[in-house]
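Have a look at the structure below before the remarks.
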């Protein structure tokens, strides 16, 4: 079971602004930030989550990689749609509009957006309409 996940971004503040806007429709908000003085690697980190628990971390203290994919499970297809619109409005790039992906399973409804560093961030609903 995962407790949290984190990955590198080129600019922590630019990415913070993106994720604050993109994740708001699915109930994920900025919970805490850690300054360079507080981290062992010497960079800024931002923890997003819900109910006071940060579980999704971004930080500029490591080298940005490629191939990063994170999917947030949501309760409705409307939340997938709202995430997609908010992420595009925040400056994300389309990587797959909201829709069914029956090759995964019949009720897999997801939307994919690239964040400012090219990370593939998805919202997915597994429930039937």
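What is the antiparallel percent of DSSP beta bridges lying wholly in the chain, to the nearest 5? Don't skip to the end; give the middle numbers.
Working: 21 of 30 bridges.
Rounded to the nearest five, the antiparallel share is 70 percent.
If the chain between residue 69 and residue 29 were fully stretched, how many nm would it gain, using 0.36 nm times the residue separation less the Cα-Cα distance? Before the final figure, lay out the partial values.
Numbers: separation 40, 0.36 × 40 = 14.40 nm, distance 1.91 nm.
Length gained between residue 69 and residue 29: 12.5 nm.
When each pair of different Cα atoms in the range 5-125 is counted once in the 1/r mean, what is the Kirkwood radius in angstroms, to one decimal? Don't skip to the answer; put the middle values down first.
Details: mean 1/r = 0.0689 Å⁻¹.
Computed over the range 5-125, the radius equals 14.5 Å.
How much length is gained if the chain between residue 17 and residue 53 is pulled fully straight, taking 0.36 nm per residue apart and subtracting their Cα-Cα distance, in nm to one decimal? Mind dumping the intermediate values first?
Values: separation 36, 0.36 × 36 = 12.96 nm, distance 1.90 nm.
Working it through step by step, the gained length comes to 11.1 nm.
R0 = 30 Å: FRET efficiency of residue 38 with residue 114, Cβ-based, nearest 0.05?
Working: r = 29 Å, r/R0 = 0.97.
Using R0 = 30 Å, I get an efficiency of 0.55.
Report the calculated FRET efficiency for residue 62 and residue 88 (r = Cβ-Cβ distance, R0 = 22 Å), to the nearest 0.05. If you can, show how the numbers build up before the last one.
Details: r = 27 Å, r/R0 = 1.21.
Working from the Cβ atoms, E equals 0.25.
All of the numbers you see were taken from the coordinates with simple rules; none came from a lab. Since this is a predicted model, take the numbers as computed values, not measurements. When we count neighbours, we look across all protein chains shown, and the Cβ atoms used for this are built from the backbone with ideal geometry, even at glycine.
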